[in-house]
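Since the structure comes first, as structure tokens, the remarks are kept for the end.
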Amino acid sequence: NVPVELRDPFYCDQYEQEHLKPPVTRLLLSPELYCRTYGLLLGGSPGAEGPPKDIPALLQVLARKGLAPKDQNAPVTEAMLQQKPIKM
């Protein structure tokens, strides 16, 4: 059930360089994607606290569970997840 605009996430510019399409960039910068993924990882049962609603809440929940994401051994921050262009 992948939307048409997300099926091919890249486009080539006039110099033949690949770039992410804007809808993909928006999705990757959206807290909804990360919070939904967290809910899916729990098998659809987020517990009494409910699924996190934004990036800071998600990062706090992951840290409490000992699953804090890291990038080159440094904790991932909200700012890192909202950086443009997206750090890949």
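Here are the numbers for the structure shown:
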quantity	calculated
Which of G66, Q83, V24, positive extreme of dipole for the chain (C-beta unit charges)	G66
Kirkwood Rh and Cα Rg combined as Rg over Rh, evaluated for the chain	1.04
Mean separation of Cα contacts under 8 Å (6+ apart) over length of the chain, as relative contact order %	19 percent
Helix axis angle, 31-41 relative to the chain longest principal axis, alpha carbon, degrees	60 degrees
With Cα atoms, 0 to 90° folded angle of helix 55-64 axis to the chain main axis	50 degrees
Other-chain or far-sequence residues with amide H under 5 Å of K21's (modelled H)	F10, Y11
DSSP loop trypsin sites (Lys or Arg not before Pro) with at most 11 other Cβ within 10 Å excluded, longest remaining stretch of the chain	1-52
The chain - percent of accessible surface contributed by carbon and sulfur, probe 1.4 Å	56 percent
Probe 1.4 Å, protein heavy atoms only - accessible area per residue of the chain in square angstrom	77 Å²
Residues whose placed amide H lies under 5 Å from that of V76, excluding near-sequence neighbours	K70, D71
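The values are calculated or read from the model by the stated rules, or taken from the named source; none is laboratory data. On a predicted model such as this, the values are computed, not experimentally measured, just so you know. Cβ coordinates were reconstructed from backbone atoms using ideal geometry, including for glycine residues, and neighbour counts include every protein chain displayed. Surface areas here come from the heavy atoms of the whole protein model, side chains and all, with no ligands, DNA or RNA. Shrake-Rupley method; radii C 1.70, N 1.55, O 1.52, S 1.80 Å.
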